[in-house]
1. Among the residues of region 84-112, write down those that are touching a Leu at 6+ places or on another chain (Cβ under 8 Å) and either among the aromatic types (Phe, Trp, Tyr) or free of Cβ contacts under 8 Å to residues at least 12 places away in the same chain (or both).
2. Would you confirm whether or not region 249-256 contains a residue that is hydrophobic (A, V, I, L, M, F, W, C) and part of a loop (DSSP other than H, G, I, E, B)?
3. Every residue in region 317-373 that is among the aromatic types (Phe, Trp, Tyr) and under 21 Å from the mean Cα position of the chain (by Cα), please.
4. If we only count strands (runs of 3 or more DSSP E) wholly inside region 40-96, which ones have 1 or more residues that are among the acidic types (Asp, Glu)?
5. Looking only at residues in region 153-173 that are surrounded by 21 or more Cβ atoms within 10 Å (Cβ to Cβ) and touching a strand residue (DSSP E or B) at 6+ places or on another chain (Cβ under 7 Å), which one is farthest from PRO131 (Cα to Cα)?
6. Name the residue, out of ALA406, ALA421, ALA379, that is among the aliphatic types (A, V, I, L, M) and either under 30 Å from PRO258 (Cα atoms) or surrounded by fewer than 20 Cβ atoms within 10 Å (Cβ to Cβ) (or both).
7. Just one of (1) assigned to a loop (DSSP other than H, G, I, E, B); (2) out of contact with any helix residue (DSSP H, G or I) (no Cβ under 9 Å at 6 or more places or on another chain); (3) of a type outside the set (A, V, I, L, M) trips up GLY378, so point out which.
8. When you go through (1) surrounded by 14 or more Cβ atoms within 10 Å (Cβ to Cβ); (2) part of a loop (DSSP other than H, G, I, E, B) one by one for PRO104, which number turns out not to apply?
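The values are calculated or read from the model by the stated rules, or taken from the named source; none is laboratory data. Since we're looking at a predicted model, the values are computed, not measured. Cβ sites come from the backbone with ideal geometry, for glycine too, and all protein chains shown count toward neighbours.
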Amino acid sequence: MGDHPLHAGPPPGPLMVPPVIVAGAGLAGLACALRLAEAGVAVTVVEAAPRAGGRTRSFHDPHLDRTLDNGSHLALSGNGALVDYLRRCGAEDRMRAVRPARFPFLDRRDGTRWTLRPGGLWFLDPQRRVPGAGAWAHLAALRLLTAPPGATVADVLPPGGPLFTRLWEPLAVSVLNGAPHAVSARLMGAVLRLTLLRGERACRPLLPVRSLSHALVEPALARLAALGVPVRCNARVDALERDGDRVTGVRVNGAVMPAGRVVLAVPPWAAARLVPGLTVPPPGPPIVNVHYRLPPDLGLPDDAPLLGLCGGTAEWLFQRGDVLSATASNAGALAEEPADAIAARVWGDVRAALGTAAPQPLFRVVKERRATIAQTPGAESLRPGPDGPLVGLTMAGDWTATDLPATMEGAIVSGNRAARAIIDPGK
């Protein structure tokens, strides 16, 4: 699942690759443009939004007077493509790792607290594994590695028992944004391969020091600028320019931009609009994030930066400074409620986690209605590879076929593969 550099150092000279336009400045587009530019390819990035970053953008919220991330994203040190992307951008110090890896949890149903500490034979130690679950029961997760294409997580790991309700179910919901009976067992297996099966060093949570934009977007833009790559925002691709079945450029805000190759690193619904007949996976459920500005005396126990929840409304709490962010995935019903009601309900989770009876503080609710694609077994077959249906067209995005969930890691892997398809088309 890992991704490797295309080269060890600067290229000896420009490659014989025609100019490329990358449409989309989310992580997939930025990763692709970075790889192309480092290989000596002339590339231009266009982005419809006012700012780059896609779903990893950050913004200043005037109500809280704090910088918030559009959505909370949990990366792990086993996400090799993301770690390499940070290195290429000179931004390793903008994400901090929790060392050693540890994941505190709270079961809202009975108040049980524990800390999962992966690494070595962690499942043999009652102090490091899920309480109430036997050591060897943890090994049932290995069945995810050989799951057939049509299997869901619940097909492979039958529901019932504390291990399912306290680990596999919340992980499936938060990683794949869907209920265990709906989401792909193979995608869950891919997560295990990258993390738990590789030991503690691959399981360390990676969290932005300041914000996602500061860690993942601003350094990439600076690196692209240093490589001479223009990034144009407020530049929506209205149509692909074509000569028969060959793409010759894009039409942006009514003007034609010629190109030898075009990379569509846009969301699936935008790609379907631009390429008639293109089959794309359907959207998954919404994700709801609630950001609270805490008073100075409140915080997660033991100054932990994150906490997993079982049996609550949210699945994860993240704290950065005095802002605590709660994330609820697979949140179709919750997203239909008004913001005040959502914040009040989620504050119950937060209050239990913090062990406080404090009144609800200032908050901001962010509803991501198209946060991810559906990550069901059926949707897997609808994810296209990097080779587009037109000559000169390449596809990228976490929704394309990466054999990974629709995460930051998947987005960067897709951008790297799109660049490779252009630089080394025979490989």
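1. Of everything in region 84-112, those that are touching a Leu at 6+ places or on another chain (Cβ under 8 Å) and either among the aromatic types (Phe, Trp, Tyr) or free of Cβ contacts under 8 Å to residues at least 12 places away in the same chain (or both) turn out to be TYR85, GLU92, PHE103, PHE105.
2. No; the residues of region 249-256 include none that is hydrophobic (A, V, I, L, M, F, W, C) and part of a loop (DSSP other than H, G, I, E, B).
3. PHE318
4. 58-61, 66-69
5. Filtering first and then ranking leaves PRO170.
6. Answer to the selection: ALA421.
7. Of the numbered conditions (1) assigned to a loop (DSSP other than H, G, I, E, B); (2) out of contact with any helix residue (DSSP H, G or I) (no Cβ under 9 Å at 6 or more places or on another chain); (3) of a type outside the set (A, V, I, L, M), the odd one out for GLY378 is (1).
8. The number of the failed condition is (2).
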